[in-house]
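Please read the structure below before turning to the comments.
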Amino acid sequence: MNLFVKCAQVFCVAAISVSAFGYSDVVTTRDVLASRCDSHLETLRIYDRMTSEWEAFAQERKGKWELDILYKAVEFAADKHEGQVRKDPERSPYIVHPLRVCSRLWHDGAVRNVNTLCTAILHDTIEDTDATAEEIRALFGDRITYATLEVSDDQSLSSDEKKQRQLEHAPHMSLDARLVKLADRMDNVWSIEVSTPIGWDDAKIESYWGWGVKLRNVLHGTNTALETQFDSWFEEHYSNAQ
Ligand code: ZN
């Protein structure tokens, strides 16, 4: 094979992988997201609010804040979670959850680190989709892959074993992973509070809250604003329950 043909082939492979998850912008990524979540209103509302602030923040930083990787993460996660739904009665598209976890970190926790925000968007892809660590490493690099693996449960363990493992590991995880774990747990308890999953009784809800509080406690010192918000939800939940 001559050099010209070889170079053309390499270029073609690179162009295909770039066009799959590269050169994204706020509009292109919104189109991809809308097509993967059937234009779910809440998902697009979260995306629009968060990305308008991302764009303004990046402009303030004069290009020193990396937006492309965030859009790439949204497209990757929307693609991988396509067809999956949450446990709420409305059967919301799953992608609403990782976007909301990212939004909690961005809006409520004032987290501005792109690696942490990307990890939030990708945090359930290894655990719940066919995404692999190698795939994430090739697209997003080592740090994001490491944190995504840290927050992924070993699916061969029972539910109780997973919870125990999380409690043991959480305090020793990287800051990226601890922030994502905290916001993830917050979003899950918030979700069951606003819309009880089908088939859940009071005992299951209380057990879920109890587990959430244990995890919050071992993550103490991760992000004051988020922890304060979590504590206020906890107080409200228990005052309503009494
Ligand atoms: Zn999650």
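The values are calculated or read from the model by the stated rules, or taken from the named source; none is laboratory data. Model, not experiment: these values are computed from the prediction. Positions of Cβ are backbone-derived with ideal geometry, glycine not excepted, and every protein chain shown enters the neighbour counts.
For segment 133-168, residues that are at pLDDT 95 or above and of a type outside the set (Ser, Thr, Tyr) total 16. For segment 120-172, a residue qualifies if it is β-branched (Val, Ile, Thr) and closer than 26 Å to Met50 by Cβ, and the qualifying residues are Ile121, Thr125, Ile126, Thr129, Ile136, Ile144, Thr145, Thr148, Val151.
When segment 101-127 is filtered for residues that are surrounded by fewer than 21 Cβ atoms within 10 Å (Cβ to Cβ) and either farther than 22 Å from Arg86 by Cβ or within 11 Å of the ligand (Cβ to nearest atom) (or both), the ones remaining, listed by number, are Ala110, Arg112, Asn113, Val114, Asn115, Glu127.
Quick grid of which residues meet (1) in contact with a strand residue (DSSP E or B) (Cβ under 8 Å, 6 or more places away or on another chain); (2) on the phi > 0 side of the Ramachandran plot; (3) among the β-branched types (Val, Ile, Thr); (4) modelled with pLDDT of 95 or more:
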site: Ala20; (1), (2), (3), (4): no, no, no, no
site: Arg30; (1), (2), (3), (4): no, no, no, yes
site: His40; (1), (2), (3), (4): yes, no, no, yes
site: Tyr47; (1), (2), (3), (4): no, no, no, yes
site: Ser52; (1), (2), (3), (4): no, no, no, yes
site: Phe57; (1), (2), (3), (4): no, no, no, yes
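If you check Arg91 against the conditions, is it among the charged types (D, E, K, R), under 26 Å from Ser152 (Cβ atoms) and crowded, with 17+ Cβ neighbours inside 10 Å? Working first, answer last.
Working: among the charged types (D, E, K, R): yes; under 26 Å from Ser152 (Cβ atoms): yes; crowded, with 17+ Cβ neighbours inside 10 Å: no.
Against the criterion (among the charged types (D, E, K, R), under 26 Å from Ser152 (Cβ atoms) and crowded, with 17+ Cβ neighbours inside 10 Å), Arg91 does not qualify.
Only residues that are out of contact with any Cys (no Cβ under 8 Å at 6 or more places or on another chain), under 18 Å from Arg100 (Cα atoms) and hydrophobic (A, V, I, L, M, F, W, C) were counted across segment 51-86, and they come to 6. Scanning segment 103-140 for residues that are among the aromatic types (Phe, Trp, Tyr) and within 11 Å of the chain's Cα centre (by Cα) yields no hits at all.
Residues that are under 17 Å from Asp48 (Cα atoms) and small (Gly, Ala, Ser) within segment 70-119 comprise Ala73, Ala77, Ala78, Ser103, listed in sequence order. Each residue in segment 59-87 was checked for being closer than 24 Å to Thr148 by Cα, more than 14 Å from the chain's Cα centre (by Cα) and of a type in the set (Gly, Ala, Ser), and 1 of them qualify.
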